[in-house]
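Chemist: I have a structure I would like to understand better, so I am pasting it below and will then ask my questions one at a time.
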Amino acid sequence: MEGLEEKLKGLSSPGGLSQRSPPTCWMLALQPAGLLAVSCSNFTIHPPQQGHSEPGGSVCFHPREKDRLASGSTDGLVNVFDLSRGGEDEALLATCNSDSSAGSVCWSGAEFTQLLCLSHDEGLHLWDLGQLDTDEPLTIFSTSDARGLPLLADGGGVDYLVGCRWLQEAQRLLVVGGKNSGDLHLMECDHAGLRLLRTLEGGHSSTVRCFLWDAVGEALFTGGEDAQLLLWKPGGEELTSGKRKSKKSESALRLKSRPHKKHGYQREKKGA
């Protein structure tokens with residue numbers, strides 16, 4: 001099987017809900033069986049005695065075990081629940097502390113026993129829940145601020161973390177970070193920490209906020225504050241509007257993009 005680096009070089013309930021006040025921010029997670037888990041800034045996932053003490057930030061169902069749910073919160077805790085258990089004391093399986101506001105959580109590992117948490121202040125924490133019944137530590141790797149890690153060729157680090165994704169075919173945990181200039185850095189995370197796999201330049205001109213990895217098409221979609229949705233694909237043909245000058249060096253990685261129009265469609269006036 002072709003290595004991940006080569007591919008990148010070619011480019012990228014029993015619990016219920018408890019309401020305290022009118023909701024303001026919603027977070028949704030789709031369960032493999034089709035059930036939807038809901039978290040918002042003024043709701044907590046039951047059981048209340050065993051849940052979060054502050055607003056939730058992210059929820060994520062286990063890819064294989066349909067009743068297992070991980071939730072992160074601004075209280076710094078990442079909880080793992082078994083929704084098939086009816087008792088409040090039994091529903092909570094594990095609690096991991098990120099020591100900061102948890103922004104997103106992601107299941108990873110060959111058997112999806114690992115859990116990665118990215119905090120709102122660019123912290124990164126990787127735990128192995130397969131060690132719950134052993135004397136081994138849960139923490140695989142942890143850093144309170146990934147920006148201080150010398151990951152880049154010039155010895156510098158990323159300005160922010162975008163997100164993470166477990167790549168099942170490659171058996172690697174992908175973490176995407178970026179620079180304020182718009183450059184993207186694709187990294188691998190494991191027990192040794194973060195390692196740079198590939199840098200994507202010349203696409204975005206400002207902060208990138210989201211990404212999606214297409215495993216079938218081996219392509220990377222990215223969206224940024226520059227109002228661009230970009231597709232990075234191996235051997236692709238570059239499409240530009242002529243207004244954006246590409247800073248990307250020649251390589252096998254081609255960028256597909258279309259200009260964003262704020263007012264692309266306007267209704268015709270009646271009687272016109």
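The values are calculated or read from the model by the stated rules, or taken from the named source; none is laboratory data. Source: prediction; values computed, not measured. Quick reminder, even Gly has a Cβ in these numbers, built from the backbone with ideal geometry, and neighbours come from all protein chains shown.
Chemist: Pairs only if they're at least six apart or on different chains, beta carbon under 9 angstrom, first in region 105-117 and assigned to a strand (DSSP E or B), second at pLDDT 95 or above and of a type in the set (S, T, Y); list them, first residue then second.
Modeler: Correct list of pairs: W107/T113; Q114/S108; L115/S108; L116/S108.
Chemist: Another question, if that's okay. For region 171-186, does any single residue satisfy the condition of being small (G, A, S) and exposed (fewer than 15 other Cβ atoms within 10 Å of the Cβ)?
Modeler: Yes, that holds for at least one residue.
Chemist: Further question: Please count how many residues of region 75-105 are out of contact with any helix residue (DSSP H, G or I) (no Cβ under 9 Å at 6 or more places or on another chain) and crowded, with 22+ Cβ neighbours inside 10 Å.
Modeler: Residues flagged as out of contact with any helix residue (DSSP H, G or I) (no Cβ under 9 Å at 6 or more places or on another chain) and crowded, with 22+ Cβ neighbours inside 10 Å within region 75-105 amount to 6.
Chemist: Same structure, new question: Criterion first (under 16 Å from L161 (Cβ atoms), out of contact with any Pro (no Cβ under 8 Å at 6 or more places or on another chain) and among the small types (G, A, S)) does G202 satisfy it?
Modeler: When the stated conditions are applied, G202 does not pass them.
Chemist: Sticking with this one: Starting from residues that are surrounded by 16 or more Cβ atoms within 10 Å (Cβ to Cβ) and at pLDDT below 85, keep the ones in region 189-247 and report whichever is nearest to G103 (Cα to Cα).
Modeler: Filtering first and then ranking leaves P234.
Chemist: Right, another one. Could you look through region 106-122, keep only residues that are over 16 Å from L138 (Cα atoms) and of a type in the set (D, E), and pick out the one that is surrounded by the most Cβ atoms within 10 Å (Cβ to Cβ)?
Modeler: E122
Chemist: Inspect all residues belonging to region 131-146 and state whether any of them is of a type in the set (S, T, N, Q), surrounded by fewer than 17 Cβ atoms within 10 Å (Cβ to Cβ) and part of a helix (DSSP H, G or I).
Modeler: Scanning region 131-146 turns up at least one residue that is of a type in the set (S, T, N, Q), surrounded by fewer than 17 Cβ atoms within 10 Å (Cβ to Cβ) and part of a helix (DSSP H, G or I).
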